[in-house]
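Written out below as structure tokens is the structure these notes cover.
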Amino acid sequence: MLTNYVYKLRPKITQSDKMDGWLDMLRSTYNWSLADRIAQYNQQFIQGDYCDLRTRGEACPLTCFVSKNGASGEPWKETKVDKDGKLKNPRRSAGDIQITGLPELKKARPWFGAIDSTVLQQNVKRLDTAYKNFFSARRCANEGRGFPKFKNRSNFTSFTYQMGVKVQGNKIYLPKLGWMRFFNSRVIAGCFTIKAATIRKRQDGWYVSIRIEDKTIPDYVSKPLDEINSILGCDLGITKLVHLSDRHQINNPKFSTNNKAKRTLKIRQRRVSRKVKGSKNRKKAVKKLGRFHKKITDKRVAYQWDVANKIVSRKVDAIALEDLNISGMLKRCKVKIDENTGRFLKNGQSRKKGLNRAISDASWSDLILKIQYLAAKQGKVVIKINPKHSSQECRNCGHIDKSNRDGEKFICTECGYHEHADIGAAKTIRDRGLEIVRGDSAKLAARQLNAQKVSPRSMSLRGEFGNLSNQDIKAVKS
């Protein structure tokens with residue numbers, strides 16, 4: 001079993017300055033490696049290769065580190081012989097070539113020798129992971145992960161040790177940094193072994209995330225689909241954070257979009273903008289603003305763990321969640337241009353800006369990850385459901401119409417079935433999860449059950465007044 005424990009470090013001033021210098025050097029190495037790979041691609045696949053007259057071999061028009069005739073020399077590994085007596089000459093990846101060239105980097109720039117070797121290697125592997133995520137996202141048609149980007153000080157704040165880390169009481173040993181105190185808020189059992197450690201700089205100090213493993217403890221095993229008897233449907237929202245199919249609703253505190261938080265953020269951001277760029281006072285103001293953002297994040301994370309525990313602790317075998325494309329929901333509206341005058345027209349982006357902030361504040365993706373983690377620990381299954389028309393589909397007759405929903409109210413324009421819109425959506429998600437587990441018979445059974453629950457009052461209204469709009473029905477009911 002693999003797990004991570006996070007602690008806050010208490011480094012000395014010299015150790016803190018040393019780690020700051022490491023981040024600067026590692027960031028420059030990361031950006032150089034990324035630029036080298038981009039240059040290699042341009043030379044090999046865009047500019048084209050040529051034949052070297054001296055070596056009579058294929059060569060690139062320019063040279064870069066990971067090219068076929070670059071500074072690393074031969075890109076092929078040493079020739080080996082397999083069991084059948086045949087020669088093996090496997091091709092090395094770009095990451096292997098760049099890791100092999102790290103000793104040359106230390107010779108050319110001796111100050112890189114102060115960084116632990118495993119930290120430098122993991123820095124290159126970090127770029128490899130970014131490339132793999134990009135190509136896997138392209139194969140799966142997932143727009144969430146783009147091409148690797150160059151890093152700056154704001155988005156490059158961590159480095160990883162692969163070995164050599166030791167923990168004794170409230171002290172941790174980090175190679176090339178020495179022993180360092182930390183707040184031992186969670187004791188590591190003696191049966192666990194340390195596999196890696198990631199050092200991360202945040203607004204209020206340094207943190208370490210220790211990855212530990214115990215091979216004697218088996219991994220968590222979820223139930224197979226044929227053993228699932230009950231499913232809990234979850235509909236994510238903004239007015240309420242989660243609506244459950246058992247009619248329970250979980251509030252959304254809106255940590256960064258409430259009036260008090262917005263006013264504080266506005267004041268502190270204004271103080272930053274009034275300071276001279278590059279001055280010490282501006283850095284102090286930026287640090288104070290960052291601490292407030294971190295405070296909001298910590299509150300949100302703690303609340304999400306509480307919400308995830310409430311959802312997973314319910315007596316069900318599986319949890320059905322919406323498969324949302326959150327990055328697509330946060331995209332800007334398309335630009336509208338007047339064909340006659342060429343001027344820009346209103347496209348609703350000013351109104352959507354507030355919605356985007358509310359979605360970002362709710363942080364649905366992080367909540368889904370926490371639910372998946374806790375569900376796996378308890379052996380429960382998490383099923384991703386397509387949420388299309390979940391809040392517009394009638395659970396009684398299956399009629400789908402945009403006019404069925406009016407805010408939080410749902411009244412079917414076809415049969416008169418009415419219910420809370422978001423709770424009905426959660427029930428629809430639950431039924432779709434049952435369809436995956438049991439088949440189409442679950443949806444038919446759910447509709448037959450809901451047909452008995454249609455309000456006679458709403459049915460009489462539909463029969464009396466025909467297909468009225470939701471606003472008209474509201475006026476008649478009042």
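What follows draws every value from the coordinates through simple rules; no lab data is involved. None of the values given here were measured: they were computed from a predicted structure. Note: ideal-geometry Cβ built from the backbone for every residue, glycine included; neighbour counts use all protein chains shown.
Brief remarks on what is shown
- Taking θ as phi - 60° and the Karplus parameters 6.51, -1.76 and 1.60, the scalar couplings of the stretch 277-292 work out to 5, x, 7, 5, 5, 5, 5, 5, 5, 5, 5, 5, 5, x, 5, 5 Hz in sequence order, x denoting glycine and proline.
- The alpha carbons of the stretch 170-315 occupy a box of 65, 48, 21 Å along the principal axes, longest dimension given first.
- Pair LEU225, ASN340: separation of 7 Å Cα→Cβ label points (nm): 5.6
- Each residue of the stretch 358-375 is assigned a 3J(HN,Hα), and the resulting list reads 5, 5, 5, 5, 5, 6, 4, 5, 5, 5, 5, 4, 5, 5, 5, 5, 5, 5 Hz, derived from the Karplus form 6.51 cos²θ - 1.76 cosθ + 1.60 (θ = phi - 60°), x at Gly and Pro.
- Model label sites at CYS191 and ASP401, defined 7 Å from Cα along the beta-carbon direction, differ in position by 6.1 nm.
- Ranked by the mean number of other Cβ atoms within 10 Å of their residues, highest first, the peptides 394-407, 258-271 come out as 394-407, 258-271.
- Amide H contacts of HIS399 (H built 1.01 Å from N, in plane; Pro and chain starts excluded): CYS394 sit under 5 Å, all sequence-distant by 5 or more or on other chains.
- Summed side-chain charge close to VAL124 - residues other than VAL124 whose Cβ falls under 12 Å, Lys, Arg +1, Asp, Glu -1: 0
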